[in-house]
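Participant: Here it is: the structure, laid out below.
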Amino acid sequence: MGVMATEEHLRAVEFAEAFVREVLELDETINARVRMLSGGKAMVELDNSIIESVEDYDLATKLNDHGFGDKCINEWGFKQFGGVRGFKTGSVAAMPKDHDAPLAAATL
């Protein structure tokens, strides 16, 4: 399945997303999400228009140059920074195949 959506995880994601928006100077019209994947990995997802205009490696480097990886681990509770990829609606919170499964185990 995925990572349990706990209050601690949601708070970590909130801090990380605010940091990404600030460092990359993204306004609210741009999709910018940080996902907590299994193993506590932070994955930054950005609109494809941003990804296409700059190499995703360069975006990850820019974030790390501003301390994103360190903050992920030392302040926000992630285990590692997994990089940057294109944003896709519902990429993590897909409906379980067993539609009778309890939704309390929703993923981030």
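The values are calculated or read from the model by the stated rules, or taken from the named source; none is laboratory data. On a predicted model such as this, the values are computed, not experimentally measured, just so you know. Methodologically, a virtual Cβ is constructed for each residue, glycine included, from the backbone with ideal geometry; neighbour enumeration extends over all protein chains shown. Surface accessibility is based on the protein's heavy atoms, side chains included, excluding ligands, DNA and RNA. Shrake-Rupley method; radii C 1.70, N 1.55, O 1.52, S 1.80 Å.
Participant: Segment 1-92: which GluC sites (Glu not before Pro) are DSSP loop and have at most 15 other beta-carbon atoms within 10 angstrom? Display every interim value, and only then the final one.
Facilitator: On the way: sites: 7, 8, 14, 17, 22, 25, 28, 45, 52, 55, 75; in loops: 25, 28, 55, 75.
Here the GluC sites (Glu not before Pro) that fit, given the DSSP loop and packing criteria, are 25, 28, 55, 75.
Participant: Long-range amide H contacts for residue 79: which residues qualify at under 5 Å (H placed 1.01 Å from N, peptide plane, sequence gap of 5 or more or a different chain)?
Facilitator: 41, 42
Participant: Something else: With every protein chain left in place, what is the accessible area of residue 71 in Å² (1.4 Å probe, nearest 10)?
Facilitator: We get 60 Å² for residue 71.
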